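*Asks:* Supplied in structure tokens, the structure appears directly below.
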Amino acid sequence: MWSLATTPHVVSAAGDVGAARIGLFGGTFDPVHFGHLRPAVELREAYDLNTLYLLPNHRPVHRGPARANTAHRIAMLELSIDRAKSVSIDTREALRDKPSYTYDTLSEIRREQPHATLVFFMGMDAFAKYDTWHEWEAILGMANLVVVKRPQALHSTFSAKLLARQQERLGTTIRNGESGVIEECDVTQLSISATDIRERIAKRRTVRFLLPDAVSEYIVSNGLYQSNHD
Ligand code: ATP
């Protein structure tokens, strides 16, 4: 499938060759919905990224297993992204048959793209538990983090302190070639979650306008999420 190694270097308006700015938005996408997609396009613009990759995991480390299998979750992501390819999919975690550690993924991307500026996006609910992530400090040595505001999500004591510490040390501007900056970003607030979508489907309620029509048609034709249990 697709590989980051093919991401080109970029020539700026001034004509100088700069390293690529690559965004990664990890998640289970079980299923993908507009609460992922709208922030993704806004973040790509806000951070002037060459590409923002949605990064589906295979076996999430911080939660129970996904309800839909990996192939279904990738198929739904493929149906959801626009033709202009402003957002793409990186399947490396999904296709790796072991728990998905962001540290391993970013190490691999760093090796492929030594000069790229990497920006890893996560919702505030995910960042609140960032201290439970494998090698979380080492991740900051490879990438910048952007915490995406999400309705009802709040900082934990740990995440508020880490944000303040990094901002004191490194500021809030993600500069090319650097890593370790953590900043928060406001996006259009959409109170949509995959859990709520799965529950509505199990109760035979409509999910229209919560996710792309093509994804909801795929869910129906493949009989996904029809009950609250597997
Ligand atoms: P679930 O309800 O199954 O936990 P989810 O809707 O939270 O799923 P995930 O795939 O777990 O979706 O989320 C992937 C990433 O997207 C996470 O960092 C999460 O915080 C973020 N995210 C999910 N929904 C939203 C939303 N509505 N607004 C902002 N960020 C979101």
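The values are calculated or read from the model by the stated rules, or taken from the named source; none is laboratory data. Model, not experiment: these values are computed from the prediction. Using ideal geometry, Cβ is built from the backbone for each residue, glycine included, and neighbour counts are taken over all protein chains shown. Accessible surface areas use protein heavy atoms only, side chains included; no ligands, DNA or RNA. Shrake-Rupley method; radii C 1.70, N 1.55, O 1.52, S 1.80 Å.
*Asks:* Let me see the P(r) profile for the range 137-230: every Cα-Cα distance counted, bins of 10 Å, each bin given as a percent of all pairs.
*Replies:* Answer for the range 137-230: a P(r) of 13, 32, 20, 23, 12, 0 percent.
*Asks:* Taking amide H positions as placed 1.01 Å from N in the peptide plane, with prolines and chain starts having none, which residues 5 or more places from LEU54, or on another chain, fall under 5 Å of its amide H?
*Replies:* PHE25, SER88, ILE89, ASP90
*Asks:* Which order do HIS36, HIS134 take by accessible area at a 1.4 Å probe, largest first?
*Replies:* HIS134, HIS36
*Asks:* Put a dot 7 Å past each Cα toward the Cβ at GLN226 and LEU154; how far apart are the dots in nm?
*Replies:* In this crude label model, LEU154 to GLN226 measures out at 4.1 nm.
*Asks:* Let me ask another. Looking at the chain, what % of its DSSP beta bridges pair antiparallel, to the nearest 5?
*Replies:* In the chain, approximately 5 percent of DSSP beta bridges are antiparallel ones.
*Asks:* Suppose R0 equals 25 Å; then what is the FRET efficiency for ASN69 and ARG38 from their Cβ-Cβ distance, rounded to the nearest 0.05?
*Replies:* 0.45
*Asks:* When Lys and Arg each count +1 and Asp and Glu each count -1, what net charge do the other residues less than 11 Å away from VAL147, Cβ to Cβ, add up to?
*Replies:* -2
*Asks:* While we're on this one: Along the Cα→Cβ direction, 7 angstrom out, place labels at THR173 and THR206. What is the inter-label distance in nm?
*Replies:* Here the answer is 4.8 nm between the modelled labels.
*Asks:* Using a Förster radius of 30 Å, what is the FRET efficiency between ALA164 and ALA46 based on their Cβ-Cβ separation? Nearest 0.05, please.
*Replies:* In this case the efficiency is close to 0.90.
*Asks:* Still on this structure, I have one more. Can you give me the solvent accessible area of ASP104 with a 1.4 Å probe, rounded to the nearest 10 Å²?
*Replies:* For ASP104, solvent-accessible area is about 50 Å².
*Asks:* Across 5 Å bins from the origin, how do the percents of Cα pairs in the chain run, short distances first?
*Replies:* Final binned percentages: 1, 6, 14, 18, 20, 17, 11, 7, 3, 1, 0, 0.
*Asks:* Sequence neighbours fewer than 8 away in the same chain don't count; with that in mind, list the lysines whose C-alpha is under 25 Å from LYS161.
*Replies:* LYS129, LYS149
*Asks:* Moving to a separate point now. Pop a pseudo-label 7 angstrom from the Cα along the beta-carbon direction at both THR188 and GLU112 and give the gap in nm to one decimal.
*Replies:* Taking the two extended label points, one gets 3.0 nm.
*Asks:* In the full protein assembly as shown, how much of THR70 is accessible to a 1.4 Å probe, in Å² to the nearest 10?
*Replies:* 30
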